[in-house]
Amino acid sequence: MIASVSTVADPIVEVKALTRHFGAKAALDNVSISIPRGMVFGLVGANGAGKTTLIKHVLGLLKAEMGSVRVFGRDPVADPADVLARIGYVSEEHDLPGWMRVWELMRYTQAFFPKWDATYAEELRVRFDLDPAAKIKHLSRGQRARAGLLVALAHRPELLVLDEPSAGLDPIVRRDILEAIIRAIADEGRTVLFSSHLLHEVERVSDHVTMINLGKIVFSAALDEIKATHRCLTLHFAEARVRPPQLAGVLTWEGAGHEWTAVCHGQAAELQAAAASCGAQVLDKRVPSLDEIFVARVGTRIPAAAED
Amino acid sequence: MLPHSLAFAWLLWRQHRYGLILVLGYLLFAGTTSAIISTHGSPEFIENVVGGLIVIGLATIPVFLLGAFAYGFDGDTLARESCFPQRLFRLPVPTGALVFWPMLYGALAASLLWLVVWLILRPRVEVPLAWPAILMAASLAWVQALVWTPCGLPWLRVILFAIVIQILIALGVFSAVSGVAEPWLVGLHASLALVAWAIAYVGVAHARCGHVPDWRAILAPLRKLARWLPQSRKSFTSAGRAHLWFEWRLAGKSLAFSTGLVLVVVLMPLLLPENDHIPTAHTLLSALALPVFLAGLSGCWPGTGKNRWIKDRVVMMPFIATLPMHSADMIGAMLKSAVWSTLSAWMIVMVMVPSAVVLTGRFQDVADGWHHIAREHPPGAIAAGIVAIALWLFVWTWKRKVDGLYIGLTGRVWVSLAILCVYLLGALPLLIAVIRIVNHPEIHEVVLRVLPWLLGALLLGRLLLVAWALRQVFRQGLLRPKTVARWLAAWLLLASTLFVVLAWVVPRERVPIYYLAYAVVFVMPMARLAATPLALAWNRHR
């Protein structure tokens, strides 16, 4: 499946038919994505789905086994310096050199980015409440995430790549990260590639959502389109049923007896008509959450613990 | 449920099974080879083989045993916190069991190692069995105690480790030469082991409660002093300079630090009364060889783990890998940092060695040696000789520091292990060949006739490797032709300077000119240096 937005001709990131194996396991299987300028591209999937592998290809940390990866029209493996100079990256592990102090980290990172904005960097440091004399290894996980975000944002990158930035962080740091993304978009219309398994966060900021499972893209569309084309219907059947009926557009069924709930793909009117044709009465009709759509599409629920 | 004894045995085996299989395989191989040769080979050959086996085994296996049984691969030995794995603290077992079983298995492994050495040596020389085995077990126990006990200051553990190891070596020497009866020595070493076991127990018990002593207040005056020192907060003028600073902070200082630390021990014989066993010249030569030796160790860090030195060097952090910098510039910074590192190590030698000579009253020995040289050679030749030796030592130290880069930069443990195995397997036949040649003057003429061709073939092999590496480097676009041209020019300039100075100093009638050329070419880094960008790219873009 190809996750693309056809309206923009000159994408910032273009991945075509990317395949990658680790041993016998296919981490990515014929994956294609295209991210136009100014878009917040949400990449969602369970742990081990292939999100980080895809992001590592975009950053040039992994070489394409098959297929191609282009960022700003260039190959990030062949031309890492030029590509990476325009990217701000926050990794899941927030792995910064532990021996550096915060001011040393800022001073060191600044040297690599000609567009480094020292005033903005200082503003972020104050906002994130980072002590310049503190060693990175002595910072809490949340503070380390903020330090990573600072050095990723301070050079005002054209593309911001966030790989599970909020994993294992408290709500306040997660809010900081989301605010940073929103600000980045609102201020300068930058492009963001945001991977997470916290679907409500992705739902809050993304323009376009791509769901990935077992190395394959299972669904990809603009968030508005996803909301418009998915419905959660609660149906009442006159007679108790052991199994739900065959209904066009239904992705999953849940329920028993007289009452069944379906997550469906299609236009609301068509779905209602289909339900009526098999003798069901629609009790409730609502737009499902991204989480429900993901479960319906992928068939596995993301662990509740991970969501909090 | 498994009993504690089996559970800990399984845990150690599961974590270090490959290393333990290698060690057991080696011991089996060494023992069997020795047994076969002792029944079939010639006496001199036996001596050479046995010597080679023991040297290699003793030099490498204890390092592995220390890492495995002291959990040295799991923790940050430079930090204040205990290196005992935190995950084990959550096991529902008493602290005594946590400490006792790994220490017991470690003691058994160390004793087994000595037993094999003893079996190999026994046909040739009379060596004691009991006390060295117990001393080895006690040594391992002391390392375990040090590694597992929380320390009040960062780096303190390394300093204590250096001191304890020297004391144990001295104890070994004393035990071998003192003539004290074996039962007494056994008792002494066993009681040392018991003390270590007790310290380890107390250390782990404290660590399990999360208690880490904090003596950093002692360093407060130093910190205050450091604040007064000029500290540049100005921006770096280029990415290259920033990364040079990073490399220096990460790996550059370690050579100078370790040189200073070990040099204290190397120079200790100067404190002894004048004797024929350890002449002043030997001590000073050892001191001069030290940076070269240590540079080889600090150049590469095979393996992975939580140890800060190893982790930062081998496992390339995404933060560093995603810096907008060409791999060539990263390597350039590493090579420059190695220059500063080499310079700082040699500055420490140049300060410490003369100071030690003066302070220990050995100045007269050195003056006598100098007068002897001055009588034999003209002043110009002496000056040129000093320049040549200084240049040679500097280049050699730097070469040893950068030679191992290609191993660590691959970021793959199996590469490190494979190269280690190749070196071990190659070292033994080489050692045997050298010993045989030295012991058989009748073949010297033939060896001297063949040697230039052999060295030529070796050089050709190296050149082919360089050509292959550079071809790959260009194909992958890792280096710009301008960069290669710059490196090549620097290489040629340094090599030709070294060659000219050597040709001037070394008398032609003693050493033919082509041997000097070979010496220069072999001391200068070539193939491994050319492979470094490939290794980095292989790690950075997997």
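Bear in mind that the values in this text are calculations on the coordinates, not laboratory data. Here the structure is a predicted model, which means the values were calculated and not measured. Reconstructed Cβ throughout: ideal geometry from the backbone, glycine too, with neighbour counts over all protein chains shown.
For region B:76-116, compute Rh as the Kirkwood radius over C-alpha pairs and then the Stokes-Einstein diffusion coefficient at 10 °C and 1.306 mPa s; write the answer in µm²/s, rounded to an integer. Don't skip to the answer; put the middle values down first.
On the way: Rh = 12.1 Å.
After rounding, the answer is 131 µm²/s.
What dipole magnitude, in Debye to the nearest 20, does chain B give about its Cα centre under +1 on Lys/Arg Cβ and -1 on Asp/Glu Cβ?
About 2640 debye.
Could you give the nm distance between label points at A:Glu65 and B:Met268, where each point is 7 Å from its Cα heading toward the beta carbon?
Distance between label points: 5.4 nm.
Can you quote the Å³ per residue value for the convex hull of the Cα atoms in region B:473-542, rounded to an integer? All intermediate terms of the calculation are to be shown ahead of the outcome.
On the way: hull volume 5.8 nm³, N = 70.
In region B:473-542, the Cα hull volume divided by residue count equals 83 Å³.
Tell me whether region A:226-307 comes out rounded, prolate or oblate; compute the Cα gyration tensor, take square roots of the eigenvalues as a ≥ b ≥ c, and use a/c under 1.5 as the rounded threshold.
Oblate is the answer for region A:226-307, as a/c is 1.5 or above yet b/c matches or exceeds a/b.
Relative contact order for chain A: what is it in percent, counting Cα pairs under 8 Å that are at least 6 residues apart? Don't skip to the end; give the middle numbers.
Working: 608 pairs, mean separation 59.6, N = 308.
Result for chain A is 19 percent.
Taking the Cβ-Cβ separation of B:Ile513 and B:Trp414 as r and a Förster radius of 60 Å, what is the calculated FRET efficiency to the nearest 0.05?
Between B:Ile513 and B:Trp414 the formula returns 0.90.
Is the shape of region B:4-214 rounded, prolate or oblate, going by the alpha carbon gyration tensor and its root eigenvalues a ≥ b ≥ c, with a/c under 1.5 for rounded and a/b larger than b/c for prolate?
The shape class here is prolate.
Under the 0.36 nm per residue contour assumption, what length would be gained going from the current alpha-carbon distance of B:Leu465 and B:Phe29 to full extension?
Length difference between fully extended and current span is 153.8 nm.
Determine which lysines satisfy two conditions relative to B:Lys399: a Cα distance under 19 Å, and not lying fewer than 8 residues away in the same chain.
The qualifying lysines are B:Lys253, B:Lys336.
Go ahead and run the numbers for FRET between B:Arg233 and B:Ile21, Cβ-Cβ distance against an R0 of 51 Å, rounding to 0.05.
It comes to 0.45.
Inverting the mean 1/r over all pairs of different Cα atoms, compute the Kirkwood radius of the protein assembly as shown and quote it in Å.
31.8 Å
Can you compute the radius of gyration and Dmax for region B:403-490, using only the Cα atoms, both in Å?
That works out to 18.3, 53 Å for Rg and Dmax.
Can you give me the span-like helices of chain B, meaning DSSP H runs with 24 Å or more of Cα extent along the axis and Kyte-Doolittle mean at or above 1.6?
Answer set is B:43-69, B:95-121, B:156-177, B:413-439.
Bin width 10 Å, alpha-carbon pairs only: give the P(r) of region A:29-74 as whole percents, running from 0 to the bin holding the largest distance.
22, 59, 19
For chain B, what's the relative contact order in percent, using C-alpha pairs closer than 8 Å and at least 6 residues apart?
Details: 553 pairs, mean separation 82.9, N = 542.
Here the relative contact order equals 15 percent.
Grab every C-alpha pair in region B:101-215, bin the distances at 10 angstrom width from 0 up to the longest one, and report whole percents.
Calculated over all Cα pairs of region B:101-215, the distribution is 14, 39, 30, 13, 3, 0 percent.
Would you mind working out the magnitude of the charge dipole of the protein assembly as shown relative to its Cα centre, with +1 at each Lys and Arg C-beta and -1 at each Asp and Glu C-beta, to the nearest 20 Debye? The partial results should precede the final answer.
On the way: 77 positive and 58 negative charges, 203 e Å.
About 980 debye.
Over region B:238-540, calculate the relative contact order: mean separation of alpha carbon pairs under 8 Å at least 6 apart, over the residue count, as a percent.
Result for region B:238-540 is 27 percent.
What shape does region B:150-296 have by the C-alpha gyration tensor, where a ≥ b ≥ c are the square roots of the eigenvalues, rounded means a/c under 1.5, and otherwise prolate means a/b greater than b/c and oblate the rest?
Taking the square roots of the gyration eigenvalues as a ≥ b ≥ c, region B:150-296 is oblate.
Modelling each spin label as a point 7 Å along the Cα-to-Cβ direction, I'd like the B:Leu451/B:Val366 distance in nm, to one decimal.
Output for this residue pair reads 3.2 nm.
Using all alpha carbons of chain A, what is the percent of pairwise distances in each 20 Å bin, ordered from the shortest bin to the longest?
It works out to 31, 51, 16, 2, in whole percents.
As a test of understanding, state the convex hull volume per residue of chain B from its alpha carbons, in Å³.
Taking the convex hull of the Cα positions in chain B, it is 206 Å³ per residue.
Can you list the residues of region B:349-382 with backbone N under 19 Å from a point 7 Å past the Cα of B:Ala503, pointing along Cα to Cβ?
Those under the cut-off are B:381-382.
Within the P(r) computed for region B:416-459, what percentage of the Cα pairs occupies the region above 17 Å? Please report the intermediate quantities before stating the final value.
Working: 472 of 946 pairs.
Tail fraction, whole percent: 50.
For a 31 Å ceiling on Cα separation, which of these pairs sit above it: A:Lys135/B:Lys401; A:Lys16/A:Lys137; A:Lys25/A:Lys285; A:Lys63/B:Lys482; A:Lys25/A:Lys115; A:Lys137/B:Lys224? Each step should come with its number before you reach the end.
Values: A:Lys135/B:Lys401 28 Å; A:Lys16/A:Lys137 39 Å; A:Lys25/A:Lys285 40 Å; A:Lys63/B:Lys482 26 Å; A:Lys25/A:Lys115 40 Å; A:Lys137/B:Lys224 21 Å.
The pairs that break the limit, which is 31 Å between Cα atoms, are A:Lys16/A:Lys137; A:Lys25/A:Lys285; A:Lys25/A:Lys115.
Report the dimensions of region A:131-246 along its three principal axes from the alpha-carbon atoms, largest first, rounded to Å.
That gives 71, 30, 26 Å along the principal axes, largest extent first.
Where does region A:253-294 land on the Kirkwood hydrodynamic radius, alpha-carbon pairs, in angstrom?
For region A:253-294, inverting the mean 1/r across all distinct Cα pairs yields 11.3 Å.
For the pair A:Ala222 and B:Ile389, how long in nm is the line joining their label points, each one 7 Å along Cα→Cβ?
Computed distance between label sites A:Ala222 and B:Ile389 equals 7.9 nm.
Over all directions, what mean area does the Cα convex hull of region B:238-540 project, stated in square nanometres?
The number I arrive at for region B:238-540 is 18.5 nm².
Could you give the dipole magnitude of region A:226-307 about its Cα centre, charging the beta-carbon of Lys and Arg +1 and that of Asp and Glu -1, in debye to the nearest 20?
Details: 8 positive and 8 negative charges, 28 e Å.
Taking the Cα centre of region A:226-307 as origin, the dipole is about 140 debye.
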